[in-house]
Every structure is written in C-alpha cells, then in structure tokens.
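S.K.: Okay, handing you the structure first.
Nothing in this text is a laboratory measurement; each read-out follows from the coordinates by a stated rule. These numbers were taken from a predicted model, which means no experiment stands behind them. Cβ: placed from backbone, ideal geometry, glycine included. Neighbour counts: every protein chain shown.
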Amino acid sequence: MRVDFSLLLPEMLLAGLGFLVLIVDLVLPQERPERRNKAVAAVAVAGMAAVAAMALATAPDRTESVYGGLLFIDAYALLFKTLFLGVGIAVVLMSVEYVGRVIRHPGEFYGLIVFAVLGANLMASAGELLTAYIALELLSFCLFVLVGLTRGDRRSAEASTKYILLGAISSAVLLYGISLLYGTMGTTVFREMGPGLAINFSPTVIVGFAMLLAGIGFKLALVPFHLWAPDVYEGAPTPITALVAVLSKAATFALLLRFLAEVSTGRFDQWQLALAVLAAATMTVGTLTALVQRNIKRLLAYSSIAQVGFVMVGVVAMTEAGANAVLLHLVGYAFTNLAAFAVVVTVEAKTRKEEIADYAGLSTASPLMAMVLTAAMFSLAGLPIFAGFITKFYLFTAAADAGYLWLAALAITNSVISLYYYLRVVREMYISEPEVEPERIRLSPSSAGALWVLLAGTIAVGVYPGPLAAAVDAATDALRAYAGGA
Amino acid sequence: MISEAAVWGIIGLPLAAGALAALALLPALRPLARASGYAAVLGVAGAFGLSLAALDSTLGADRAAGFAARSWLTVGDPASAGGFEVTVGLLLDPLSAVMVALVSGVSMLVMVFSLGYMRKEPGGEGGAWADYPRYFTYMSWFTAAMLGLVLAYNLIQLFVFWELVGLFSYLLIGFWYHRPAAAAAAKKAFIVTRIGDFGFMLALLYLYLHRAEFLAQGANPFEIPDILAVAPLLSAGVATWVALGILAGAMGKSAQFPLNTWLPDAMEGPTPVSSLIHAATMVAAGVFLVARMFPLFEESAVALNAVAIVGGTTAVLAAAMAIVANDIKRVLAFSTVSQLGYMFLALGVGAWQIAIFHLLTHAFFKCLLFLTAGSVHHSVHTFDMRYMGGLRAWMPLTYAATVIGALSLVGIAPLAGFWSKDEVLAAAWSADGAGSVLVSRLVFVLGMAAVFMTAFYVFRLLLMTFHGRFRGGIDAVPADELTPDEAILAGHVHRAESPWVMLLPMAVLALLAGVAGVALNAVGAFGPLPAHGLTHFLGGLSRDFDQGVAGLSTALALAGIGLAIAAHRRGVLGLTDLPRPWSVVHRFLAGRLYMDHLYETLIVRRLLYRGLFFAADWADRRLVDGTVDLVGWVGRNGGRAVAQLQTGQVQVYGVGVFMGVVVMLMLFMFQR
C-alpha cells in the first residue's frame, strides 16, 4: 500500500515543532528567563500559525484517506485542525505572563501544548478506533503533565494525580469497550463497523458500545463521568484549564461526531435515548452546581460541563443540522471560553486572585478586561449579538426538529437559570464596591491583542455567522451520513 | 456599473465618520470637538458622492442592480423543506438610488447648517463646540441607519435598520435630555412608533408562518425582490395581512393618523434635527417602505383603500391642527404630517411613483422651511409666532427663502410643490389604481380641502413672522412661559441676518424647492429635460397634465391665501377671541383633537393600568413569581445537594464512571 506522505505534512511539521520548542528552550541562555520565555512562546506561536497556514494551503479539494482509512484528510478534519491550532496559539499568547511568574521551564510548557494540539488534530482525522485511542492518549498524557506542572503547588499535584488515576480507569474502560467490539465484529475501522453495529444487538456489542461511550464521556466530562473536572480545573495552571476546557472537549466531540456519522447512515437511533439522558443530566447538573460556586475557575468548570450538555443536545439530534450546530457551537464556544479564560489568567497573573468576589472593581482596574469578560459571560449565557445566542439557537432547533422537544425545552430552561451565575460575575465587576481602591492593571500588547481578537470573534460569530456556517456545512458534508446535503 | 463595495460605502462612510466624531467624546480629545463636525460633514458628503455615482449607474442600461445577497444565518436545513437562508445584501434600483441621493444630500446640507446652529453662545460650559461630538455622532449614525434601510435587500435587514433609525431619532429628539419636555418627547416618539413597528413585526412573523408558499415558488420569504415577484401568486389573505402589517409600521414612522401624536412633540429636538428627521428621512421611511413593497399592496384592494383613507384623513386633520398652532415649528410639524398624508394618498390610489415625486419635492421645501425657522430662532430666540412680526426688515434673505418654500408648499406654479401635488390629486381623480373608485374620489375631495387649509396656514405663518410690526421676540414672552434654558437667552435678541453657513444650505434648498418640480418630472419635454423623467425612471407611470385639477387646486390655494391676507389686514390672524362655534372648534383643534388625552387617560390609565395590567400584576405575583421561586428553590437546594457528590475522593469518582456505564445499558434496554 502506497501512502501519500505529503498529506500528513502538517502533522509531521507539528510534531517537529514540538521538539523544536523543547530544543530552543534548552539552547537559549538560562540567565535571562524573561526573554527566554518570550522567545520560546514566539517560536511556538509562529510555528503553529505556519502549520495552520500550510494545512489550509495544501488541503486537498476532496476527501483523502491514508493507511487504508485510518486517517481522513478532509474538510471536516481541516476545520478542526484550524480551530485547534488557533486555540493553541491563543492559549500560548494568554499564558506568556503567567508562565513568566509561575512556571520554571517554559519549553516543557509550550512544547506540551504543541503536542496536545497534535493529538487533538489526529483525533479529528481518525477513522479507526485504535488510531483514535492513541491520539486521545497523546492529548491526555500531555494534559496530565501540564496539569501538574506547577511544581510545589499542592492543589496542582493533587489535581494531576486525580486526573491520571481517573484517566487510567476511563482508558481501561474505553479499551475494554474497543476490544469487545473488535471481538464481535472483527474490525475497528468506523466504516466497516457500521452494518454490524446497526443490526447486531448481542450483549457484547451493547456493553462494548456503552463502555466506549463511557470512555468518551469521561473526556467530555459528561455526568456522571464529570466528577474529576472541577478539581482538575481548579488545581491546574489556569491556561491549562482553558486548554482542557476547550481543546480536549472540542477534539473529543470531533471524534464522537465522526464516529457516529461514519458507522451509521442515519439508522442509528437505538442509542439516542441514552445520549439524550446523558445530555439532560449533564446540563442540569452543571447548571445547578455552578449556581453555588464562589471560585471563578470552579464556576467555569461547571459552566463548561453545562455547555457540553448543550452540545450533546446537537449530537443527540443525529441530523446534519445537528452536526452543523455542534461544529458552530464548538467554534463560538472556543472564542467565548478562551476570552473568559484569558481574563481569568491575566487577573490571576497580575493579582493572584481567583475568587468571584475578587472581581469587584475590575471595571475600573481594567475596562478592557471587564468588557471582554462581560461579553464572554453574555455569550455563554446565550444573549443575542454574541456567539452563544446564535449557536445555541441552532443546537436547540436541531434537537426540536429531530423530535427531541423535551430536551430542547430543558436546555432552554437551563440556559435561563445559567443567566444567574453568569450575570453574577458581571455584577461583581460593574456594580459591587471593591473593598480596596482597585489599582489600574496594565496589559501587555500580546494579552491586549489576544483579548481584542477573542472579543471580535465572539461578536462576529454572533452577528454574521454566514461564512462560518458555510464552512461548517462543507465540513459535515465530508462525513458519510451527511454526504451530499446542501 | 458601480461596484458593490462603493454601495456599501454609502452606509459605511457616515458610520465611520460618526465613530470618528465619537472619539472627540474622550476627555483627552476634547479640544478636537470642533473637528468632529467637519469629520461628520465629510463622511456624509462622501456618501452623497457615492450616492450620485449609484444613481448614475442605475440611469444606464442595467437599471436594477441587486447585489448578490450573502448568507447571514440559516433557518432549518436549507436543503430540506421549510429551511431557508436569511440574507444580507444591497438592493440598488431606481427607487433606492433616488432615495439614497436624497437622504445623503439633505443630510449633508443639514449638517453644514448645524455647524453654525449647534455652536453654543460664547461663555457656555465646555466652550462653543461642547455639543459637537455627541450631536454629529448621532446625526452621522442616524443618516447611516436611514441609508441602510433604503438599500436593504432583505425585509429582516430592513427591519434592523428601521429600528436603528428609531433609536437614533430617539437620541436626537432627546438631545437636550436635561429638559424634561425633550426627554418626554423622545420617549413618546419611541413608544408611538413602536406600536406601528409591532404591526411590522407581525407582518414578518406572518411571512415566516406562510414561508411554504414562497419556498414552493423557489423564492425566499424575506428577500424583497422575491416577495414582490411572488406577490401575484400568493393566496388570498396573505398579501392583505402582510401589507396591513407593513402599513402599520409605515404609519408609525410616517406619523399617520392615528399614530400622528409623536411628531409635533418631536420638535423638542434641535431644529436641524427636526429638519432632517421630518423632511427627508425618518418620516419618509414609511412612504418609502410602502412604495418599496408596492406590488404586494397592489394585490390587495383592502390594503390600498386603507392606505388611501389613512392618507386622506391625515392630510385634512393635520392641516386643520396646523391652522391653530402658534409655534412656528409646530405649524411645520403638522404641515409635514399633512403632506405625508398626501403621499399616502398617492400610494393608496396606485401612484407610488408620484408619491416618491412628492416626497422629493416635499423634502426640499419642508427642509428649507425648517431651516428658515431655525434661522429665525437664531435671531429672536423663540419659536412663538405671536412674539415675532416684521422680521423681513433685517432678515431679507431668510424672508426670501421662506417665501419660496411657502409658495412651493402651497402649490403655486411653477414651483416644485405645484407639480407634485397636482399629480397626486390628478391620480386620485382618475381613480385607475387597484383600489376602489369611490375611495379614490373621496380622498380627492379630502386632498382638495387640504389645499385650501394649507394655503391659509402657510400664509398665516409667513405673515405673522415676517410682516406687521416686531412684537419683541423672546423679551416679550411672559416669564412664566419660559423654560430655564430659554430664560438665559432673554435679552439676547439680535436683529441681524444669520451667518453664511446657515444661509448657504438655505439657498441651495430654495433653488431646489423652486425648480425641482420642472427639472425632475416636467409634464412635457422641456428643453433638454424629458417629459415625466422621474416617474418614467422609477417605473414607467406617466399621466397627462390635468388642467381642470390644476386650475381648481390653484383657485383653492389662492382663496386660502386671500383669506389669510384679509385676516392679517383685520389683525385677527392670531385667531384669538373667535365667536362661537368657531372658538369651540379652535379649542378642539388646539387640543389636537384630544388624542393624547384619549390615549393617556382612557387607554393607558383606565384600560391598561386598572384593567389589563392589574390582572397581569396579580397573575405575575401569584402564578409567575410562585413558579420562579420554586425553580429558584430547586436550583439552590438542588445545587447544594448535587455539590455534595463532589467529595474530592477519587474512589467515589471512579464509581461514578461505572455507574454511568450501568445507567447507559439500562437506558438502552429501555429504548429497545
């Protein structure tokens, strides 16, 4: 079998970039840590931007696959690759100041982010279960290490330990599920599994599939597999929290959506109820628990659990409109959540504070950050002109059109309740009187620039989703179940 | 052929200029306040230049140049039944090209005038140019919104700009927000137009619900060209209901009876604002909207008759109210409402091209008259005509401009107003529209009556302001009638002509008010000018000059003028001390038919406060709050209960994973 390696060039270059970042950190002089940090970050950002540009420029105009269907190089993968590289760039940009204060070895930090992005990219391309598993583990291991990278911080160490332990359990479950499926069907390639999965209801298939979903559910922090998330979110270095919340979830959704769309050609609704109940439980638990949080990182953790529940609403629909809505929401959510985290990271780097009450007076300390966080909160709550409104609208209509009216109604109810805790943050910033006169926070050009870009993205998706919707539509057309749709 | 980017520039330039002007609101850039005015003028002048280019391109071979609509958002799956795309785009055809040229041109002139008018008296707080940045920002954005409305390709896009026009008119009318009267007027304009907008929104909803009829024809239910193309194929009722909803929106914006009450109060804004909003832009939006959607109205005789009757009634009632007003701007405001009635009348009898023709000529002479009112105020600091008189002695140029505007408004040949008003009346008389003949004849009579009343109130205004002896200006106004802002100006009457920045726009408009009628739409070929140039350009309609109608209307106008002069000679033009029953009529009209009273006391207080709101309040407290409290209670306690799971114990978390697998298996069994 001949393999056209040029198709894999972006992935290879990205792997090379990861090592390059590590090496640059080693060869640069040790005595000026501030400059070394900035130089390494610059290499990572420039490299990822170059890879993204290259991936877009060299993208084949039709669906290609390599290694006999193990990896797909198509519009769907391309959309996610661009998104993930963008997320990687944003996370590096927002963490420069943070790393300068908290982390001793910038090379490890940025290098692992690059490898995590590589893992995510492969997850979006994978067309076979073991390939997907390896990609997922590449991402997960990078995150395990990154979560524990603030050495000497007990919370960080605890979070990392928990994450590894539970990650191991879920990996075991996932692998067991894969082996059961393989044992019955004799294949792990998505497209070949389809017919068997749709008609074969032997207990091995059912248990195998449930375990597979459980493993994926762990990565997505679906209820009841979510219990690790708040502890890890709180303990991890904050930029890594952003990475876990955005990159790892979007990548897992990319995998799940492709899996569901490739193994079935529409007749795959036996699992819809299970997925719907998971979605309902996830958003309800996420929303209700977020109501009582005081720490902003824990708030964002539960909020992201709730958001995952909302995305699952689109997955449950199992229609092209649902898949489009999921992709659209993931992009809008990436902008929005990164905007929120960029503010949280910067505030933490400047003031070392992470309680919601500490945000009192932020509107005078830094009007830009207060504005960006407000926009992010409004968008997460789903208020118009921001991304969250339009993408949630698509998600819920897709579910309602697919006959899941109760799920859409529950999602709207949860959305309304979530207003309470999102607006609480806004109230702190603008209305509450701070105890001490807030000092003006000066932002570095890179943070300010990242904030503006993320804000612009959050609003652009909400005001003019047309071009993005067209790109998303092209992406889902590459999936087998939705091929040929408009 | 003009490029699409250039047409977007028509909207974009005023928008950018407004943003630039807003920068001067920053404390650090305060010294640049004066420059913000020039930035705004330049922005709108650029838009005017592009508008002329756009107009020129529609004069050529390919007249209708709709630009490819871009997908804004999709509703449902566009590939399947019931799904469609909501688009944004530009619709450049003769109608919108004429309108953008008019809007940007008038706006430019008004902004130049404002450079002089908005300058504060020296020694005021913040320097002479303190009001500039905020004023010119609002004005630029208002203009941009209006231009966007005119160029909209999609009804939803149009609605967005429609609401933006409403928002900026609110900000402009309430520009002097510290004055309670201005704040109240702004609020009133916003709320009353909102009632109409609700009708517009219902029309949009109705379109959405009946989208299947459009999709079956391969048309988009919100794209204007598609709606107009599909209009003849729509099932009975759909066209009528949509047209009536749109009419409601148009009535609100164009201040048609019974939604006319906001416009006279809106005179609380700065005079140039009144001139812009009430001559060429906001109130014209309603007329434009009906003209734009005309093929839809044509499918429904009911809707057309409604338009005609609303127009005819408004023309007469507003003219009657104008007769008894003493505030020069109020007279002009009622006059605007009355003239808009003429335009609706023309629309209702099927002559939308003529409605646009009258809209154009009216824009010129009414804008001119508002500017002259501003010029007069600049001298005597009051708008009350009872304290003016004899101003022609030291304001000869303003006087000359007013005479031209007045004669044009009355409709005396050969000034612009004569030609357009005559065509409106001739169209009503011929009654060859899709509406009923009876209605056409009825509104013809109403229109003729309004001619007589118009002539009387216009000359009443002219004579009371410029003739006779000077009655003291603001110094003569009783102190208890002055607002605190006005009281400062007492004793500052300067008997002088206004500065040239104010006179120049007036001169341009006076020229237009004089010749536009012949130049745009001559009744016969006239030198290089083609016959019926404008109406042909807009869409082919032409009607021969009707000498009978013209003779009758001129006779009525002259009678009205004669009556005004006679009353002036006898010194009773102030219309005080009238004998019964005229005094009763006077009181009734001066009270504006007690419509405000009716709305406020009967509908708002009695019906809404004591009836509907009371019931709603009860339901809200008992039913809604109770439910919300319950949800909140569940939320609080549920949150605490669920948070208990978060023990921090890894073992518990691990159990969760396996619980999940079990639950999924059970659900799968259940689904089987």
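S.K.: Considering the options A:G88, A:G68, A:P10, tell which one lies farthest towards the positive end of the dipole of the range A:1-110, charges being +1 on Lys and Arg and -1 on Asp and Glu at the Cβ, about the Cα centre.
M.R.: A:G88
S.K.: Next question, about the same structure. From other protein chains only, count the Cβ atoms within 10 Å of every residue's Cβ in A:165-178, then give the mean.
M.R.: The per-residue average across the peptide is 2.
S.K.: Separate question: Starting with the fewest neighbours, write out A:T187, A:T289, B:T58, B:T398 ranked by other beta-carbon atoms found within 10 Å of each beta-carbon.
M.R.: Listing A:T187, A:T289, B:T58, B:T398 from fewest to most nearby Cβ atoms yields A:T187, B:T58, B:T398, A:T289.
S.K.: Pulled fully out, how much extra length does the chain show between A:R352 and A:A42, if you take 0.36 nm times their separation in residues and subtract their Cα-Cα distance?
M.R.: Going from the current span to full extension adds 109.1 nm.
S.K.: Which whole number gives the average count of other chain Cβ atoms within 10 Å of the Cβ atoms across peptide A:281-292?
M.R.: 4
S.K.: Next question, about the same structure. Once each part is reduced to its C-alpha centroid, what is the distance from the range B:387-439 to the range A:1-56 in angstrom?
M.R.: Centre-to-centre distance over Cα atoms comes out at 75 Å.
S.K.: Would you mind counting up the charge near B:L228? Only other residues with Cβ under 12 Å from its Cβ, with Lys and Arg at +1 and Asp and Glu at -1.
M.R.: Summing Lys/Arg as +1 and Asp/Glu as -1 gives -4.
S.K.: Residues of A:222-229, mean number of Cβ from any other protein chain within 10 Å of their own Cβ, rounded to a whole number?
M.R.: Taking all residues of A:222-229 together, the mean is 6.
S.K.: Find how many whole Å separate the alpha carbon centroid of the range B:228-250 from the alpha carbon centroid of the range A:137-168.
M.R.: Spelled out, the Cα-based centre of one part sits 64 Å from the other.
S.K.: What ranking do B:9-21, B:494-506 get when scored by the average of other Cβ atoms within 10 Å per residue, highest first?
M.R.: Ranking the peptides B:9-21, B:494-506 by packing returns B:9-21, B:494-506.
S.K.: So who's got an amide H within less than 5 Å of the one on B:L92, skipping anything under 5 residues away but keeping other chains? H placed 1.01 Å off N, in plane.
M.R.: Under 5 Å from the amide H of B:L92: B:A65, B:G66, B:F67.
S.K.: What pairs in A:K297/A:K353; A:K81/A:K249; A:K38/A:K353; A:K162/A:K350; B:K366/B:K421; A:K38/A:K350 have C-alpha atoms more than 19 Å from each other?
M.R.: Flagged as over cut-off: A:K38/A:K353; A:K162/A:K350.
S.K.: According to the square roots a ≥ b ≥ c of the eigenvalues of the Cα gyration tensor, what is the shape class of chain B, taking rounded for a/c under 1.5, prolate for a/b larger than b/c otherwise, and oblate for the remainder?
M.R.: Since a/c reaches 1.5 and a/b is larger than b/c, the shape of chain B is classed as prolate.
S.K.: Mind listing which GluC sites (Glu not before Pro) in the range A:1-66 are in a DSSP loop and have 14 or fewer other Cβ atoms within 10 Å?
M.R.: The qualifying sites are A:E31.
S.K.: Highest mean first, what order results for B:441-449, B:420-428 on Cβ atoms within 10 Å?
M.R.: B:420-428, B:441-449
S.K.: Let me ask something additional. Report, in deg cm²/dmol and to the nearest 500, the calculated mean residue ellipticity at 222 nm for the protein assembly as shown, where each DSSP H run with n ≥ 4 adds -39500 (n - 2.57) and the sum is divided by the residue count.
M.R.: -23500 deg cm²/dmol
S.K.: Identify, among B:M118, B:V290, B:M664, the residue whose Cα sits farthest towards the positive end of the charge dipole of chain B, taking +1 on the Cβ of Lys and Arg and -1 on the Cβ of Asp and Glu, with the dipole about the Cα centre.
M.R.: Of the listed residues, the answer is B:M118.
S.K.: What FRET efficiency, computed as 1/(1 + (r/R0)^6) with R0 = 22 Å and r the Cβ-Cβ distance, is obtained for B:A28 and A:E433, rounded to the nearest 0.05?
M.R.: Once the sixth-power term is evaluated, E becomes 0.20.
S.K.: With the cut-off at 1.5 for a/c, could you classify the range A:1-46 from its C-alpha gyration tensor as rounded, prolate or oblate?
M.R.: It comes out prolate by the Cα gyration axes.
S.K.: Right, here's the next one. Quote the charge dipole size of the protein assembly as shown about the Cα centre in Debye, to the nearest 20; the model charges only the Cβ of Lys and Arg (+1) and of Asp and Glu (-1).
M.R.: Dipole size: approximately 1820 debye.
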